[in-house]
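A short write-up of the structure that comes next.
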Ligand code: 5GP
């Protein structure tokens, strides 16, 4: 499996400010934010795409959602955020290590979902 920048970040090989971390995931700010609040929840396990996860990952995937909600609340955007997973090149994924985007701080009530991230 090819390593990615997120593998290096989760392993601490590239110094990063973690907004949150535990045994299963880390949370960092996106380097190229698409909204005033744009953070990434990255599992330590290097699953390339969501579709590459398997039933053994059920608890991990649930954990990532719980962390997303908690981090959104901690960042003060718990009432208005969007959670996105890009899957595959055609889905706008550029880093092939599963991650969740939290986007917040701008109007999320209009426009196409496809315009959010690419
Ligand atoms: P994707 O397009 O794969 O869903 O999202 C990848 C995201 O990772 C992009 O929003 C991009 O700006 C962000 N990103 C890529 N490289 C880095 C990096 O080295 N550090 C951080 N913090 N974000 C990165």
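Considering segment 22-60 alone, what residues qualify as being surrounded by 16 or more Cβ atoms within 10 Å (Cβ to Cβ) and assigned to a helix (DSSP H, G or I)?
Scanning segment 22-60 gives 50, 57, 60.
Among the residues of segment 61-82, write down those that are over 19 Å from residue 37 (Cβ atoms) and either in contact with a helix residue (DSSP H, G or I) (Cβ under 9 Å, 6 or more places away or on another chain) or part of a loop (DSSP other than H, G, I, E, B) (or both).
61
Among 19, 65, which is the only one that is surrounded by fewer than 17 Cβ atoms within 10 Å (Cβ to Cβ), more than 16 Å from the ligand (Cβ to nearest atom) and farther than 22 Å from residue 2 by Cα?
Exactly one of 19, 65 is surrounded by fewer than 17 Cβ atoms within 10 Å (Cβ to Cβ), more than 16 Å from the ligand (Cβ to nearest atom) and farther than 22 Å from residue 2 by Cα, namely 65.
If a residue must be under 13 Å from residue 42 (Cβ atoms), near the ligand (Cβ under 10 Å from one of its atoms) and either modelled with pLDDT under 95 or outside any loop (DSSP other than H, G, I, E, B) (or both), how many such residues does segment 83-105 contain?
2
The values are calculated or read from the model by the stated rules, or taken from the named source; none is laboratory data. These numbers come from a predicted model, not from an experiment. Because the Cβ atoms are built from the backbone with ideal geometry, glycine has one as well, and the counts that use them run over all protein chains shown.
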